[in-house]
Amino acid sequence: MPPEWAPHLACYLVWPHNPDTWPGKFELIPPLYARMVAAIASFEPVRLMVKDEAAMPEVLELLQDAAGGDDAIIRNVEAFLLPTNDSWARDHGPIFVNRIAPGDGPKQIALDWRFNSWGEKYGAYDLDDVVPQRLARRFGFEVIEPGIVLEGGSIDANGAGTLLTTESCLLNKNRNPDLSRADIEDYLKTYLGVTNLLWLGDGIAGDDTDGHIDDLARFVAPDTIVTVVEDDSADVNYKPLQENLTRLKSMRDQDGRPFRIETLPMPPPVIYDGTRLPASYANFYIANGGVVMPTFECSADRVAASNLERLLPGRRVVGVPSTDLVWGLGSVHCLSQQHPAPSA
């Protein structure tokens, strides 16, 4: 599995259409989402799934507004019809790997893991579960089905044989109740080509995914992991994030070497309608030549952006306002899924 910073052929996104995902705030979401699409399209091609023909005029109008008259951005967006239940492309979209055979070059394959709406927490997910197959028919890539439940936001790879994940998600019985930890590790090694699995513990408050890694810790280089930390010892996130930090400092890479561990701050609590939301700067997306990160209208935005600029040199960091977006219980990384260039 290539790392996220490897060159991308495109980024898959799904235009928001489910009002139940952002109850009471849905009317605010399409313009914000358009800003995210434009931000990503300023770096790389975007393949944008739209639910039906009736939605297309609004999509194109909002994208024009978000692009600010930059025709290059608009040309970089391919909007097409593909029905979905929801917009979380990271979790139901294809995950691409390179199959390398002796005497042959790499062959790209898309993995179509089963998707069950994060442990059957919400409504129908039949359309989301077949997104990889429908994209494959449209864009002509090969797909294989590992046969177990796995979401893209639950894993992060360094491209050299190491994978980060969490016990709270992958070992949760609402995903693959008949599989042991050893069974799950075998699937990950077999299908993702990794040899070294690193397990963190619990996720952040408000995360309905049972603790996806993309709200906690991310590879930014083969030897470097950036993780979020909470400075307020009275905050509910303080203890689990400190425990994860301790684990990370003791972890080793696929060659037995310690990682360089860097940190991002947590934003102040984001609460809406009495609900603590999973606001995290770890939910950034690494694009070709850029980083698109969530922002939360606070001073920590600048600290997080500065840290990411330092850790991912040569990439321009662009913020997407996410205080309202995260009411859907996810942000930039959760909504996007990269298609690595075949030679990555």
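Summary table below
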item	result
Residue in region 1-27 that is surrounded by the fewest Cβ atoms within 10 Å (Cβ to Cβ), counting only those that are assigned to a loop (DSSP other than H, G, I, E, B) and of a type in the set (A, V, I, L, M, F, W, C)	Ala6
Wholly enclosed helices (runs of 4 or more DSSP H) of region 28-88 bearing at least 2 residues in contact with a Ser or Thr (Cβ under 9 Å, 6 or more places away or on another chain) and within 12 Å of Trp15 (Cβ to Cβ)	29-41
Some residue of region 18-32 being under 21 Å from the mean Cα position of the chain (by Cα) and more than 25 Å from Trp118 (Cα to Cα)	yes
Selection count where residues are of a type in the set (Asp, Glu) and in a loop (DSSP other than H, G, I, E, B), scope region 288-320	1
Number of the condition not met by Ala136 [criteria: (1) over 23 Å from Val332 (Cβ atoms); (2) outside any helix (DSSP H, G or I); (3) not acidic (Asp, Glu)]	(2)
Region 48-75 residues that are of a type outside the set (Val, Ile, Thr), paired with ones that are outside any loop (DSSP other than H, G, I, E, B) and surrounded by fewer than 16 Cβ atoms within 10 Å (Cβ to Cβ) (beta carbon under 7 Å, 6 or more apart)	Leu48/Glu78; Met49/Phe80; Asp52/Leu81; Glu53/Leu81; Leu62/Pro31
Pair list, Cβ < 6 Å and 6+ apart or interchain, from region 1-19 residues that are modelled with pLDDT of 95 or more to residues that are among the hydroxyl-bearing types (Ser, Thr, Tyr)	Cys11/Ser336; Leu13/Ser336; Val14/Thr84; Val14/Ser87; Pro16/Tyr33; Pro16/Ser87
Residues of region 220-243 classified as buried (at least 20 other Cβ atoms within 10 Å of the Cβ) and closer than 11 Å to Ala282 by Cβ, total	6
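The values are calculated or read from the model by the stated rules, or taken from the named source; none is laboratory data. Given the structure is predicted, the values throughout are model-derived calculations rather than measurements. Glycine gets a Cβ as well: all are built from the backbone with ideal geometry, and neighbour counts include every protein chain shown.
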